[in-house]
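The values are calculated or read from the model by the stated rules, or taken from the named source; none is laboratory data. The structure presented is a predicted model; accordingly, all values stated were derived computationally and were not measured. We place every Cβ from the backbone using ideal geometry, glycine too, and count neighbours over all the protein chains shown.
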Amino acid sequence: MSSERLISKPMRDPASLTAPTFSMPTNACDAHCHAFGPAAQYGSVTEPHYTLPDGDVRQLAAMADTLGIARMIVVQPSYYGTDNRCTVAALAALGERARGVAMVADDVSDTELEHLNAAGVRALRLDLFLRAEWPTAKIIEYIEHTRARIARFGWHLQFYSPGRVVRDLLPFLRGFDADFVIDHMGYMLEKDGLTGGDFDRLLDVIGQGRGWLKLSAPYRLTTDPTYAAVAPTARAIVAAAPQRCIWGSDWPHIPEGGRDTGALLNALAVWAPDEAVRNQILVDNPARLFGFGL
């Protein structure tokens with residue numbers, strides 16, 4: 001990742017979002033969004049990759065309500081590192097319509113894990129960008145250690161990872177006996193040396209094992225403002241494992257707060273044109289993964 005600090009831009013007014021082009025199902029879920037609080041209340045890591053975004057929990061709820069999104073998964077952003085207070089506060093404000101994904105230190109206490117579980121956290125996010133230069137064996141050891149710590153809660157793991165690390169982990173993940181989610185369609189960028197064969201192997205692992213893929217952040221995979229360049233990748237994921245994909249907005253779209261979240265939602269209609277499959281991605285899959293009632 002670049003060492004240059006990105007400047008977060010103001011958030012788009014929810015009233016200006018493009019309306020969904022399809023009928024939103026009851027209990028639709030945004031499975032990847034973030035919440036940020038005032039700098040005076042929540043401090044960032046020492047060297048964040050971006051400035052504090054304009055995206056608090058009230059703005060998040062307004063976006064969701066405008067688009068007909070009933071449920072949200074609030075994911076701990078790298079901006080706060082392993083200080084989950086802002087995410088926990090967002091879960092408290094959103095109540096039963098939200099679940100959380102936390103980030104913790106390797107030596108996190110059992111008491112803190114219990115606190116996060118009670119707050120609505122249902123997964124841990126592993127930042128493999130920070131560990132991208134580790135040997136694969138060390139990353140696997142880290143994953144196994146984390147899995148052991150959360151097993152009693154029934155949580156799953158989420159991997160925020162460059163595609164080359166995902167590729168190198170595929171032999172291990174094929175037999176991994178716990179649920180795991182890979183962010184942003186696997187982040188398999190051609191410019192980073194990833195190939196179509198690597199992506200096919202990823203789909204095979206997801207289809208045969210306990211992995212999930214997140215249909216999120218197409219703008220991280222292409223500069224095409226219509227996201228058309230990402231459509232073949234997203235369609236292939238949906239075709240290979242419709243029961244193991246979830247959709248996320250990646251709100252507040254750091255650093256481009258002015259992005260149209262409605263247009264991102266409507267991309268799902270292109271990737272999953274069948275209503276039953278789309279509703280599975282928006283409702284059934286996240287309900288099963290995060291413990292919502294159907």
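Annotations for the structure displayed:
- Residue pairs meeting the criteria (Cβ under 7 Å; at least 6 apart or on separate chains; first touching a residue at least 60 places away in the same chain (Cβ under 8 Å), in the range 84-106; second in a helix (DSSP H, G or I) and crowded, with 18+ Cβ neighbours inside 10 Å): R99/F290
- Check on R71, of a type in the set (K, R), touching a residue at least 24 places away in the same chain (Cβ under 8 Å) and more than 17 Å from P252 (Cα to Cα): no
- Which listed residue, of D179, D200, is among the charged types (D, E, K, R) and touching a strand residue (DSSP E or B) at 6+ places or on another chain (Cβ under 6 Å): D179
- Among the candidates T87, T111, the residue that is of a type in the set (S, T, Y), outside any loop (DSSP other than H, G, I, E, B) and touching a helix residue (DSSP H, G or I) at 6+ places or on another chain (Cβ under 8 Å) is uniquely T87.
- Flag if A98 is touching a Leu at 6+ places or on another chain (Cβ under 7 Å), at pLDDT 95 or above and buried (at least 21 other Cβ atoms within 10 Å of the Cβ): yes
- In the range 117-148, the residues that are under 30 Å from A92 (Cα atoms) and touching a helix residue (DSSP H, G or I) at 6+ places or on another chain (Cβ under 7 Å): N117, A119, G120, R122, L124, L126, D127, L128
- For R278, the test of being basic (K, R), closer than 19 Å to R71 by Cβ and buried (at least 20 other Cβ atoms within 10 Å of the Cβ) is passed.
- For the range 258-294, a residue qualifies if it is in contact with a strand residue (DSSP E or B) (Cβ under 9 Å, 6 or more places away or on another chain), closer than 21 Å to Y219 by Cβ and of a type outside the set (S, T, N, Q), and the qualifying residues are R259, L264, L265, A267, L268, W271, A272, R278, I281, L282.
Yes/no matrix, rows are residues, columns are (1) in contact with a strand residue (DSSP E or B) (Cβ under 9 Å, 6 or more places away or on another chain); (2) closer than 15 Å to N266 by Cβ; (3) without any contact (Cβ under 8 Å) to a residue 24 or more places away in the chain; (4) β-branched (V, I, T):
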| residue | (1), (2), (3), (4) |
| --- | --- |
| P14 | no, no, no, no |
| T21 | no, yes, no, yes |
| N27 | yes, no, no, no |
| G43 | no, no, no, no |
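- Residue in the range 220-239 that is out of contact with any Leu (no Cβ under 8 Å at 6 or more places or on another chain), buried (at least 17 other Cβ atoms within 10 Å of the Cβ) and under 25 Å from A35 (Cβ atoms) present: no
- Looking across the range 64-84, the residues that are among the β-branched types (V, I, T) and either in a helix (DSSP H, G or I) or more than 16 Å from L116 (Cα to Cα) (or both) come down to T66, I69.
- Just so you know, in the range 1-22 the residues that are touching a helix residue (DSSP H, G or I) at 6+ places or on another chain (Cβ under 8 Å) and assigned to a loop (DSSP other than H, G, I, E, B) include one that is farthest from P255 (Cα to Cα), and it is F22.
Rundown of residues vs (1) polar (S, T, N, Q); (2) surrounded by fewer than 17 Cβ atoms within 10 Å (Cβ to Cβ); (3) closer than 27 Å to F290 by Cβ, yes/no style:
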position: E4; (1), (2), (3): no, yes, no
position: S16; (1), (2), (3): yes, yes, no
position: T21; (1), (2), (3): yes, yes, yes
position: C33; (1), (2), (3): no, no, yes
position: T51; (1), (2), (3): yes, yes, no
position: I69; (1), (2), (3): no, no, yes
position: V74; (1), (2), (3): no, no, yes
position: P77; (1), (2), (3): no, no, yes
